[in-house]
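> Let me give you the structure first, and then I'll get to my questions.
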Amino acid sequence: MSGTVLVGGGTGFIGNHLIKALKNKNYAVKIVSRMPGPVNISWQELNSRGLPQNTVAVVNLAGQNVMDFKRRWTTGFKQNVFSSRVNTTTSLAEAINKASTKPKVYVAMSGVGAYKPDSNKEYDECSPLENFDFFSKLVLEWEKAATLDLESKSNCRVVTIRSGVVLGKNGGMIKQLYLPFYLGLGGPVGNGSQYLPWIHIKDLVELILYSIENDKVEGVLNGVAPQLCTNKEFSNAFAKALKRPALIPIPSFIFNLILGTERAKMITTGQKVIPQRTQEFGFTFSFPDVVSACRNIVKEA
Ligand SMILES: NC(=O)c1ccc[n+]([C@@H]2O[C@H](COP(=O)([O-])OP(=O)(O)OC[C@H]3O[C@@H](n4cnc5c(N)ncnc54)[C@H](OP(=O)(O)O)[C@@H]3O)[C@@H](O)[C@H]2O)c1
């Protein structure tokens, strides 16, 4: 498939990696951003002028960074976290519905936050979702915004990727952990027994490309590596890759204090999530286990 891929929020961590990969495959790329620029269109332009010509696929990666330690977890910030995901996802779906020539596919990001942390439960894409807190409500609304009758109105495939924590250099969790771990000050959060659904950035980018290029892929895909991993196992693997110890556990209350308890739950608790449908569609992971993922990230950093 050639043509233009329109990427909402394509200026961020995942976007940078995705756009390189799309260009390598000879796609033209346009980004929807709050900042105007030569390659970017604004959200206002998208709403008024619609999709760029020859858009064959749309991807949404926009969203206010939840783990911005400088921002307090206030009602206003939570509203921003919510609307930056739900409204952008809706805007792109509406633009697809209005387009005279439809793209083949809309790939929307989502998260694993709608799976309730429970060490006895294993979740796949078909597990029922519950609205039990801020993040689960966000995921439900975010995913609803992506569908917006697209398949019936626009004959456009919708793929929703429920991503775990994305591990890669220059962004996300690794960017925040690199220095303390490099200094030998890293360690698990709390007792480290909570699960950490994760995916290597290269696998996530490949999964987005796979979703764009395979006409059979549709619906929800868990964007998580197949190997289940606890927070402690991740800490050990990352410290070992850096040839450092991971001896110093960070008590959960410190995250509760810095981030607020509701937001800190993203780190202090976790879910066992498996990529059942993702693998059933034939996708294979280059980094199925956390040890090889961390080694690769440290080698490239
Ligand atoms: N990284 C992870 O571990 C992870 C895990 C699960 C899900 N996700 C989801 O995947 C998406 C991309 O993640 P990422 O790590 O690439 O995020 P990122 O680096 O923070 O980039 C997200 C992009 O969203 C746009 N954005 C930020 N605040 C916004 C706002 N208030 N309104 C509209 N747009 C806004 C920004 O683009 P402009 O400044 O150009 O507008 C930014 O470049 C996010 O929705 C995130 O929730 C990420």
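> For the structure I just gave you, tell me whether residue 211 is polar (S, T, N, Q), surrounded by 24 or more Cβ atoms within 10 Å (Cβ to Cβ) and under 20 Å from residue 7 (Cβ atoms). Walk me through it before giving the result.
Working: polar (S, T, N, Q): yes; surrounded by 24 or more Cβ atoms within 10 Å (Cβ to Cβ): yes; under 20 Å from residue 7 (Cβ atoms): yes.
Yes.
Each row is one residue, and each column tells you yes or no for (1) within 13 Å of the ligand (Cβ to nearest atom); (2) at pLDDT 95 or above; (3) assigned to a strand (DSSP E or B); (4) of a type in the set (D, E, K, R).
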{"position": "48", "(1), (2), (3), (4)": "no, yes, no, no"}
{"position": "56", "(1), (2), (3), (4)": "no, yes, yes, no"}
{"position": "78", "(1), (2), (3), (4)": "yes, yes, no, yes"}
{"position": "92", "(1), (2), (3), (4)": "yes, yes, no, no"}
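> Confirm whether residue 15 is near the ligand (Cβ under 10 Å from one of its atoms) and either surrounded by fewer than 18 Cβ atoms within 10 Å (Cβ to Cβ) or assigned to a helix (DSSP H, G or I) (or both).
For residue 15, the condition - near the ligand (Cβ under 10 Å from one of its atoms) and either surrounded by fewer than 18 Cβ atoms within 10 Å (Cβ to Cβ) or assigned to a helix (DSSP H, G or I) (or both) - is met.
> When the stretch 268-284 is examined, which residues are found to be over 19 Å from residue 110 (Cα atoms) and outside any helix (DSSP H, G or I)?
Within the stretch 268-284, 282, 284 qualify.
> Go through (1) out of contact with any Lys or Arg (no Cβ under 9 Å at 6 or more places or on another chain); (2) near the ligand (Cβ under 10 Å from one of its atoms); (3) not small (Gly, Ala, Ser) and name the single condition residue 116 misses.
The single condition residue 116 does not satisfy is (2).
> While we're on this one: Kindly list, by first and then second residue, each pair from a residue in the stretch 50-72 that is surrounded by 14 or more Cβ atoms within 10 Å (Cβ to Cβ) to a residue that is of a type in the set (D, E, K, R), limited to pairs with Cβ atoms under 6 Å and residues at least 6 apart or on different chains.
From the stretch 50-72, the pairs are 50/98; 52/30; 56/104; 63/85.
> Could you tell me which residue of the stretch 103-127 is surrounded by the fewest Cβ atoms within 10 Å (Cβ to Cβ), considering only residues that are assigned to a loop (DSSP other than H, G, I, E, B) and at pLDDT below 95?
120
> Okay, next question. Among the candidates 204, 242, single out the residue that is buried (at least 18 other Cβ atoms within 10 Å of the Cβ) and closer than 30 Å to residue 106 by Cβ. So that I can check it myself, show each step before the final result.
Details: 242 fails: closer than 30 Å to residue 106 by Cβ.
None of the others qualify; the one that does is 204.
> Here is a further query. Across the stretch 237-260, what is the total count of residues that are without any contact (Cβ under 8 Å) to a residue 12 or more places away in the chain and among the aromatic types (Phe, Trp, Tyr)?
Residues flagged as without any contact (Cβ under 8 Å) to a residue 12 or more places away in the chain and among the aromatic types (Phe, Trp, Tyr) within the stretch 237-260 amount to 1.
> Moving on to the next point. Check the stretch 239-251 and report whether any residue there is out of contact with any Leu (no Cβ under 8 Å at 6 or more places or on another chain) and closer than 30 Å to residue 152 by Cβ.
No, the conditions are met nowhere in the stretch 239-251.
Yes or no, residue by residue, for (1) modelled with pLDDT under 95; (2) closer than 30 Å to residue 103 by Cα:
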{"position": "180", "(1), (2)": "yes, no"}
{"position": "210", "(1), (2)": "no, yes"}
{"position": "217", "(1), (2)": "no, yes"}
{"position": "223", "(1), (2)": "no, yes"}
{"position": "226", "(1), (2)": "no, no"}
{"position": "238", "(1), (2)": "no, no"}
{"position": "241", "(1), (2)": "no, no"}
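> Please work out if residue 20 is without any contact (Cβ under 8 Å) to a residue 12 or more places away in the chain, within 14 Å of the ligand (Cβ to nearest atom) and under 19 Å from residue 202 (Cα atoms).
So residue 20 passes the test.
> Within the bounds of the stretch 58-76, is there any residue that is among the polar types (S, T, N, Q), in a strand (DSSP E or B) and near the ligand (Cβ under 8 Å from one of its atoms)?
Yes, that holds for at least one residue.
The values are calculated or read from the model by the stated rules, or taken from the named source; none is laboratory data. On a predicted model such as this, the values are computed, not experimentally measured, just so you know. Glycine gets a Cβ as well: all are built from the backbone with ideal geometry, and neighbour counts include every protein chain shown.
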